[in-house]
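The values are calculated or read from the model by the stated rules, or taken from the named source; none is laboratory data. Nothing here was measured: the structure is a model prediction, and the numbers come from that model. Neighbour counts are summed over all protein chains in view; Cβ atoms, including those assigned to glycine, are modelled from backbone coordinates with ideal geometry.
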Amino acid sequence: MTSRPKLLSIDAFSKTIEDAKIKTASGGIITLLCCVIVLYLIRNEYNDYKSIINLPTLVVDKEINKPLDINLDITFPNMPCEVITLDILDVSGDAKVDILKSGFQKFRITNPADPTNSEILDDESILSNDISLLEMATRGEDANGCGSCYGALPQDEGFEPKYCCNDCRTVKLAYAEKLWAFYDGTDIDQCEREGYVSKITERIQANEGCRVKGTTQINRISGNLHFAPGASDTNPGRHVHDLSLYDKYDDKFNFDHIVNHLSFGPSEHLKKGNLISASSQDGESEDSTTPLDGYRAELHKKNHMYSYYLKVVATRFEFLDKPTVETNQFSVITHDRPLVGGRDEDHQHTLHARGGIPGVFLFFEISPMKIINKEQFAKTWSGFVLGVISSVAGVLMVGALLDRSVWAAEKAIRQKKDL
């Protein structure tokens, strides 16, 4: 019996007797109002508990040494496929030249008014450089004897190995190494015999375009990928293109283009449409992985250079109910300028540099960091329960204070009336 007084002394929930309780109409109104507010807050807490947020984390990319896929789909309405060359250069000194035959498909656009109407190129372009010039030139004689290299390679008697330019492609590459103008191969027997001259002349006169679609790999360092006219040659300290055919026609050719698709890394998730399902909570969107899709550059200028400066960062999306997606996000700055330089037409205080070659250049810079976007629920179960309790307690506390204030005011008014 001695413990009972001690427990009574620490009771934080003291009670009043039933006869001391007074119920008022204002108290009933405040009680109903408190119930409505409590139900509203509980509903908000539940919605918050069930909502999904995207939590980004920045870490060092441990796969920085692995090659990176770049997925391209680009249309040139005013450039035949035979004239375009695709090269990749990076700061390490590595160069991948004329890679359109490796992992790419080329589509002829026979109707310039409708660039979407295209047919796959059914013949291999002689511009492709799938094997080296020396490998092709030292094959020896064929059915037509030892083809002439027209002075581009030594063919003197007794010279070992003896070079033979037996096809049009070999002659073209020999000319490119010598930095000689090849034009369209006119008066070169191999090109005339293979029908290349008549074929390319016909396609130029028909104002054909070209759509290039495929995937290639780049090193995860700074560099550039560019489309330019004519065969290319890379030597220490220089990279040049044969512009003879491009410059031959004043009224044809320009690098107006439509970027149908550009992305880095695996692109299967884009086809399946399962990227970033709930990341709209924090402003993310699928455009962060393909911001250039649908971009059109149509200035109708022949001697013009288009540049895209890309900042690429590896990204992983971890979902609650779907497989993890590894991709890459990138930002882009677009720029174009005339090769002659001079003042900008729209901003007279801006001076463009002079020089360069016509084409489309993608300058990329790969970040050594990686972003991990992880989906998770906004609240845990314990957080939800704590939020509900806090909401109920807070509303009841405020309701009690409001009820006491109203009761005190009513009591004071009643006393003044009695006087």
**Q.** Test for residue 245: is it among the hydrophobic types (A, V, I, L, M, F, W, C) and either at pLDDT 90 or above or within 16 Å of the chain's Cα centre (by Cα) (or both)
**A.** yes
Q | Which numbered condition residue 414 fails, given (1) among the basic types (Lys, Arg); (2) surrounded by fewer than 13 Cβ atoms within 10 Å (Cβ to Cβ); (3) in contact (Cβ under 8 Å) with a residue 60 or more places away in the chain | A | (3)
Q: Report yes if some residue within the stretch 360-382 is of a type in the set (Phe, Trp, Tyr) and over 30 Å from residue 219 (Cβ atoms); otherwise report no.
A: yes
(Q) Condition first: part of a loop (DSSP other than H, G, I, E, B) and either within 30 Å of residue 369 (Cβ to Cβ) or modelled with pLDDT of 80 or more (or both). Now tell me which residues in the stretch 8-60 satisfy that. (A) 51
Q | Of the criteria (1) under 28 Å from residue 299 (Cα atoms); (2) over 33 Å from the mean Cα position of the chain (by Cα), which one residue 189 fails | A | (1)
Q: Answer yes or no: is there a residue in the stretch 165-174 that is of a type in the set (Ser, Thr, Tyr) and either in contact (Cβ under 8 Å) with a residue 60 or more places away in the chain or part of a loop (DSSP other than H, G, I, E, B) (or both).
A: no
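To keep it simple, each residue is scored yes or no on (1) surrounded by 15 or more Cβ atoms within 10 Å (Cβ to Cβ); (2) among the small types (Gly, Ala, Ser); (3) touching a residue at least 40 places away in the same chain (Cβ under 8 Å).
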| position | (1), (2), (3) |
| --- | --- |
| 294 | no, yes, no |
| 300 | no, no, yes |
| 305 | yes, no, yes |
| 313 | yes, no, yes |
| 319 | yes, no, yes |
| 325 | yes, no, yes |
| 328 | yes, no, yes |
Q.
Testing residue 75 on (1) modelled with pLDDT under 85; (2) part of a strand (DSSP E or B); (3) farther than 30 Å from residue 373 by Cα, one condition comes back false. Which one is that?
A. (1)
(Q) So if I check each of 336, 293, which one is out of contact with any Pro (no Cβ under 8 Å at 6 or more places or on another chain) and assigned to a loop (DSSP other than H, G, I, E, B)? (A) 293
